[in-house]
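Each value in this text was obtained by applying a stated rule to the coordinates, not by laboratory testing. Predicted, not measured: the structure shown is a model, and the values here were computed from it. No Cβ is skipped: glycine too gets one built from the backbone with ideal geometry, and neighbour counts run over all protein chains shown.
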Amino acid sequence: MKAKLTVLLIAQFLLIYLPVEAQLQMPQASPPSKISQLMGLTQINLEYSRPSMRDRKVFGQLVQYGEVWRTGANAATVIEFSTDVSVEGQSLKAGKYAMYSIPERDSFKVIFSSNKDLWGAVGYTPDFDVLRVNATNKKLKKPLETLEIGFRDLTDSAATLYIAWEGRSAEIRIESEVDSIVMAQIQDQVIDKNPNNPGMYYQAANYYFNTDKDLNLALDWITKSVSADPKYWTVHLKAKIEQKLGLKDQAKASANKSMVLAKEANNMDYVRLNERLISSLK
């Protein structure tokens with residue numbers, strides 16, 4: 001009995017008097033960031049940490065000229081592509097890469113490495129380089145306090161990746177194949193397997209309209225879609241295709257029909273779109 005009481009007292013003493021190890025939560029000097037960008041049919045994911053200048057000179061001091069930089073802080077910056085792409089005209093396979101860079105005073109090189117597990121650039125070796133490209137080096141109009149990596153100038157098949165900090169921005173153009181993939185899908189899904197699917201006809205016609213392909217074929221497809229299942233958005237596309245082909249009377253009739261359907265669905269955006277289309281035909 002005394003032994004049990006002694007053990008209990010010791011346990012209570014330890015709980016009360018021994019310090020409990022705790023971890024303080026504080027803001028990170030270089031907080032992590034994740035970016036997810038869909039470029040055409042390619043999903044791009046980017047993870048990096050964002051250091052700030054904090055009254056320091058960055059390029060040439062904090063980030064040395066001519067040396068491999070992790071393109072951020074903490075762990076190496078990692079970028080992933082869901083499909084094959086080209087970077088500055090050079091091929092890069094789908095996959096995940098560490099993205100390093102070498103800043104110079106008047107130039108900037110970007111490196112894609114298969115070694116993604118380093119802490120920053122510690123242990124970096126060019127043996128794992130998959131691709132090196134020269135970036136377009138630009139001056140910023142005003143200093144940028146915190147490192148920023150992102151995407152701009154998006155199209156259906158391309159985007160510009162920029163690395164901006166302090167007073168400069170390095171930019172690389174990334175492109176992916178889209179048209180051949182979509183055309184193969186149209187052949188397979190619209191022509192071969194689903195020749196009577198109004199939704200497939202609409203998608204195919206819309207792609208042909210947006211990419212300036214065979215508009216007569218696009219009109220044939222959208223007419224079949226509208227005949228089978230008229231919707232205000234499909235009839236509006238028919239009006240746009242007819243307008244582009246110079247078929248003004250048909251375009252006006254289609255726009256009026258689309259406007260009636262849009263009003264029934266209480267979609268005033270499409271009502272206004274049709275009003276503008278009809279006005280442009282006068």
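Subtract the Cα-Cα distance of residue 193 and residue 91 from 0.36 nm times their separation in residues, and report this length gain in nm to one decimal.
Length gained between residue 193 and residue 91: 33.4 nm.
Excluding residue 97 itself, what net charge comes from residues whose Cβ is under 9 Å from its Cβ, given Lys and Arg +1 and Asp and Glu -1?
+1
Please compute the net charge surrounding residue 183, taking Lys and Arg as +1 and Asp and Glu as -1 over other residues with Cβ under 11 Å from its Cβ.
-2
Identify all lysines with a Cα-Cα distance to residue 244 below 23 Å; exclude those on the same chain that are fewer than 8 residues away in sequence.
213, 224, 231, 252, 257, 282
Tally Lys and Arg at +1 and Asp and Glu at -1 over the other residues with C-beta under 12 Å from the C-beta of residue 253: what net charge comes out?
Charge balance near residue 253 sits at +2.
Angle check, please: helix 268-280 long axis (alpha carbons) against the longest principal axis of the chain (alpha carbons), in degrees 0 to 90, nearest 10.
Roughly 50 degrees, rounded to the nearest 10.
At 7 Å along Cα-to-Cβ for each site, give me the label-to-label distance between residue 233 and residue 151 in nm.
2.1 nm
Let me check against my output: what whole-number percent is the relative contact order of segment 125-218, with C-alpha pairs under 8 Å and at least 6 apart?
This gives 18 percent for segment 125-218.
Do you know the relative contact order of the chain, to the nearest whole percent, from alpha carbon pairs under 8 angstrom that are 6+ apart?
11 percent
Along the charge dipole of the chain, pointing to its positive end and built from +1/-1 on Cβ of Lys, Arg, Asp and Glu, which listed residue (190, 215, 73) has its Cα farthest out?
Comparing the listed Cα positions along the dipole, 73 ranks first.
Along Cα→Cβ, 7 Å out, is where each label goes; now give me the distance between the ones at residue 61 and residue 22 in nm to one decimal.
According to this spin-label approximation, the distance is 3.8 nm.
Given charges of +1 on the Cβ of Lys and Arg and -1 on the Cβ of Asp and Glu, with all other atoms neutral, how large is the dipole of segment 179-280 about its Cα centre, in debye to the nearest 20?
Roughly 380 debye for segment 179-280.
Fewest Cβ neighbours within 10 Å first, please rank 26, 99 accordingly.
Exposure proxy ranking, most exposed first: 26, 99.
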